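This report concerns only the one structure given below.
The values are calculated or read from the model by the stated rules, or taken from the named source; none is laboratory data. Here the structure is a predicted model, which is why all the values come from computation and not from measurement. All Cβ positions, glycine included, derive from the backbone under ideal geometry; neighbour counts span all protein chains shown. These accessible areas exclude ligands, DNA and RNA; they are computed on the full protein's heavy atoms, side chains included. Shrake-Rupley method; radii C 1.70, N 1.55, O 1.52, S 1.80 Å.
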Amino acid sequence: MNSLNILFPYSFAIELIELNWYDILVAVNNGFLSHQTAIDHALRELSLNENPLQDTLNLAILTPAEAVYPHSIFPYLEKLANDVSEQEKSITKQKMLYLILKWISDNKVKFDNPLNILEFIYADFDYPDNLSHLVRYMPRDPSQPILNDEELFKRSNIFLEDQKFLFDGSSQQCE
């Protein structure tokens, strides 16, 4: 799911949307977030919750050096992720897609061809319908004009705003 090895910081992700333990597990497993993220998320949970779960505490006390070893974090992370509702799990892939696209959009000057990267992401995420209108090689309606790169960037920004609105709404519903 991450053929381009795109890694974004936890601080970037958590600033945009609320992440649950299942989101963290998927992001770490796919290399979107580092192993250290599990510890960072546990520390965040401790600051927000007076009665954290024991597995959260166990993650929070790990050192950054321990975080690089999957066997140190995954037993706790997997247990915590199992407690996430199926409804919340069902939107994890959409969250990851949003975060990756937002990261690329915010850092497009670092990429030689952001629209080409979008095409790889489209494939990595199994060709989601809601993204096809942003992919250059996808067939278009003959009545619609051919879009240049600037117009595709505008469309992608609209897409990102729509996705942000969805996740703002979903995080409020879950609370």
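A 1.4 Å probe run over the protein chains yields, for the chain, 57 Å² of accessible area per residue, whole-number rounding. The count of lysine pairs in the chain whose Cα atoms are under 19 Å apart, excluding pairs fewer than 8 places apart on the same chain, comes to 12. Under a Gaussian network description of the chain, with springs only between Cα atoms under 10 Å, the residue in Asn58, Asn29, Asn148 that fluctuates furthest is Asn148. If you run the Gaussian network model on the chain, springs between alpha carbon atoms under 10 Å, then out of Ser34, Ser156, Ser47 the most flexible one is Ser47. Dividing the mean sequence gap of close Cα pairs (under 8 Å, 6+ apart) by how many residues the chain holds gives a relative contact order of 25 percent. Each part gets one Cα centre, and for the stretch 109-138 versus the stretch 4-53 those centres are 24 Å apart.
Among the GluC sites (Glu not before Pro) in the stretch 43-105, those placed in a DSSP loop whose Cβ has at most 15 other Cβ atoms within 10 Å are Glu50. Only alpha carbons enter this Debye calculation for the stretch 78-175, each as an equal point scatterer, and the log10 of I(q)/I(0) it gives at q = 0.10, 0.15, 0.19, 0.20 Å⁻¹ is -0.33, -0.68, -0.98, -1.06. Near Ala38: Cβ cut-off under 12 Å, other residues only, Lys/Arg at +1 and Asp/Glu at -1. The net charge is -4.
Assuming charge only on the beta carbon of Lys and Arg (+1) and of Asp and Glu (-1), the dipole of the stretch 45-175 about its Cα centre is about 360 debye to the nearest 20. Using the Stokes-Einstein relation with a Kirkwood hydrodynamic radius computed over Cα pairs, the translational diffusion coefficient of the stretch 31-103 at 20 °C and a viscosity of 1.002 mPa s comes to 162 µm²/s. Remark: the stretch 19-111 carries a charge dipole of roughly 520 debye about the Cα centre, counting +1 on each Lys and Arg Cβ and -1 on each Asp and Glu Cβ. Comparing Val109, Val68, Val28 in a Gaussian network model of the chain (Cα springs below 10 Å), the most mobile by mean-square fluctuation is Val109.
Rolling a 1.4 angstrom probe over the chain with all protein chains present gives an accessible area of which 52% lies on carbon and sulfur atoms.
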